[in-house]
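Have a look at the structure below, then the notes.
The values are calculated or read from the model by the stated rules, or taken from the named source; none is laboratory data. Since this is a predicted model, take the numbers as computed values, not measurements. Using ideal geometry, Cβ is built from the backbone for each residue, glycine included, and neighbour counts are taken over all protein chains shown. To get the accessible areas, we keep the full protein, side chains included, count just its heavy atoms, and leave off ligands, DNA and RNA. Shrake-Rupley method; radii C 1.70, N 1.55, O 1.52, S 1.80 Å.
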Amino acid sequence: MFKTVEWKNNTVLMIDQRLLPEKEVYRRYRSHKDVAGAIKDMVVRGAPAIGVAAAMGAALGALRIKAVDTKDFRKEFDKVTGLIASARPTAVNLFWAIERMRGVVKSSPGLDVAALKKRLVKEALTMHREDIEINRLIGRHGGRLLKSGSAVLTHCNAGALATAGYGTALGVIRGAIEQKKRIKVYADETRPFLQGARLTAWELKKDGIDVTLITDNMAGYMMKKGLIGSVVVGADRIAANGDVANKIGTYTVAVLAREHGIPFYVAAPLSTIDLKTPHGDLIPIEERDPSEVTHIQKRRIAPKGVGVRNPAFDVTPARLVTGIITEKGVVRAPYKKGLKALFK
Ligand code: MRU
């Protein structure tokens, strides 16, 4: 199995997701600046994977801080994490990971710089390990919701490539299969970055899971034909009221699912839940480069000079969400109460 993000000999290794499925290329990062660049450029993507990469980037940055005095070290570490935090705005896991790394420094006033550096590397490795364990739990809880012999529609890639391993939405599918259920997957292509076609189809095929690729505009047709039993997607940020920010096009799928009476599930770890953001309208939505829309794999498909919008995420209102599958179990409406209770 491939490794999405890995700590090796005080460097960070990542599979370059921009090149999949044609090429499996691993890139090695030695500085936090380069890790921030890799997050921005989508070498690594998917909320939990971004979080783990950010933590490892912060650890890399810490190792290279020259200060010997802990006060100076802290100041430098704030700069390191500040730069990583500016990489992408929507996935809250990035900020969650940085807060957790900053927390290590804050909660260890007695440690000298060398010990702090060790602790930070250890924390990043712990976050990597925990993410896989969390996804397995999500898979176990979510797997129970899927019927054997049914088909699941998923959007974007919320798989092993979007996490430290196993995946959230694809973790639910893996969990159901481990529970000996027969599951067929329909993967939305996911324009413009094609995470569904390039990444979900690739990792499910590699795993021997029955996957059929469709373009985004085919989802309604498939639902109307009775071919979809449920929808399972990941999330980049879940507001306190249960509104879900996820890959652009998720909202459309949720509306279609409601129209056809199909359950719409969101699979996400607690690190994706942002109780500080009351509702989805307050979630910052990243707007990416127009060339992602005007070009496919560097080939122009639209006239030069055409106006373009490229919001990378949308928000699905909580009322369209059948359940949120977390490592602590499945939360259903009313979400405000249920999500808050997860953190008690
Ligand atoms: O722009 P991306 O590829 O980082 O967006 C990824 C998604 O929207 C995923 O669905 C989400 O991060 C959940 S990943 C487990």
Could you pull out every one of the lysines with an alpha carbon less than 17 Å from that of residue 180, ignoring same-chain neighbours closer than 8 positions? 147
antiparallel share of DSSP beta bridges within the chain, to nearest 5, in %, is 50 percent
Once residue 282 and residue 63 are pulled to full extension, the length gained, defined as 0.36 nm per residue separation minus their Cα-Cα distance, is 75.3 nm
Taking the C-alpha atoms of region 164-260, convex hull volume expressed per residue in Å³: 116 Å³
Which value, to two decimals, describes the C-alpha radius of gyration of region 231-302 once divided by 2.2 N^0.38 Å? 1.34
Mind telling me which of 103, 171, 159 comes out most flexible in a GNM of the chain, alpha-carbon contacts under 10 Å? 103
Say R0 is 22 Å: what FRET efficiency, to the nearest 0.05, do residue 210 and residue 260 get from their beta-carbon distance? 0.55
Pulled fully out, how much extra length does the chain show between residue 18 and residue 147, if you take 0.36 nm times their separation in residues and subtract their Cα-Cα distance? 43.1 nm
Estimated dipole of the chain in Debye, rounded to 20 [Cβ of Lys and Arg +1, of Asp and Glu -1, Cα centre]: 400 debye
How much of residue 96 can a 1.4 Å solvent probe reach, expressed as accessible area in Å² and rounded to 10? 100 Å²
Provide the per-residue ³J(HN,Hα) series for region 264-274, in order, calculated from phi with Karplus coefficients 6.51, -1.76, 1.60 and θ = phi - 60°, each as a whole number of Hz, with x at glycine and proline positions. 10, 9, 10, 10, 7, x, 4, 5, 9, 8, 10
Which lysines have a Cα less than 23 Å from the Cα of residue 8, not counting those fewer than 8 places away in the same chain? 23, 33, 40, 66, 117, 118, 122
Which ³J(HN,Hα) values in Hz, rounded to whole numbers, follow from the phi angles of region 184-194 under the Karplus curve 6.51 cos²θ - 1.76 cosθ + 1.60, where θ = phi - 60° and Gly and Pro get x? 10, 10, 9, 10, 5, 4, 6, 5, x, 8, 6
Out of the trypsin sites (Lys or Arg not before Pro) in region 25-105, which ones are loop residues according to DSSP with at most 16 other C-beta atoms within 10 Å? 30, 64, 66
Under a GNM of the chain (C-alpha, springs under 10 Å), which listed residue has the highest mean-square fluctuation: 34, 16, 314? 34
So what are the ³J(HN,Hα) numbers for region 84-96, from phi and the Karplus equation (6.51, -1.76, 1.60; θ = phi - 60°), rounded to whole Hz, Gly and Pro as x? 5, 4, 7, 5, 8, x, 8, 5, 6, 4, 4, 6, 4
Reported to the nearest 10 Å², residue 86 has, with a 1.4 Å probe, an accessible area equal to 80 Å²
Taking placed amide H atoms and a strict 5 Å upper bound, the residues 5 or more places from residue 273 or on another chain that come that close are 238
The lysines whose Cα lies under 23 Å from the Cα of residue 337, excluding any fewer than 8 residues away in the same chain, are 276, 328
With a 1.4 Å probe and all protein chains in place, put 221, 265 in order of accessible area, largest first. 221, 265
Just to be sure I understand: with springs between alpha-carbon atoms less than 10 Å apart, which residue in 126, 154, 316 has the highest mean-square fluctuation in the Gaussian network model of the chain? 126
By the C-alpha gyration tensor axes a ≥ b ≥ c (rounded if a/c is under 1.5, else prolate when a/b exceeds b/c, else oblate), the shape of region 144-341 is oblate
What figure, in Å² to the nearest 10, do you get for the accessible area of residue 73 with a 1.4 Å probe and non-protein molecules left out? 0 Å²
Label-point separation in nm, residue 224 to residue 179, each point 7 Å along Cα→Cβ: 3.2 nm
From the C-alpha gyration tensor of region 5-135, pull out the three semi-axes of the equivalent ellipsoid (sqrt of 5λ each), sorted largest to smallest, in whole Å. 25, 14, 13
Computed over the chain, the ratio Rg/Rh where both radii use C-alpha atoms and Rh is Kirkwood: 0.97
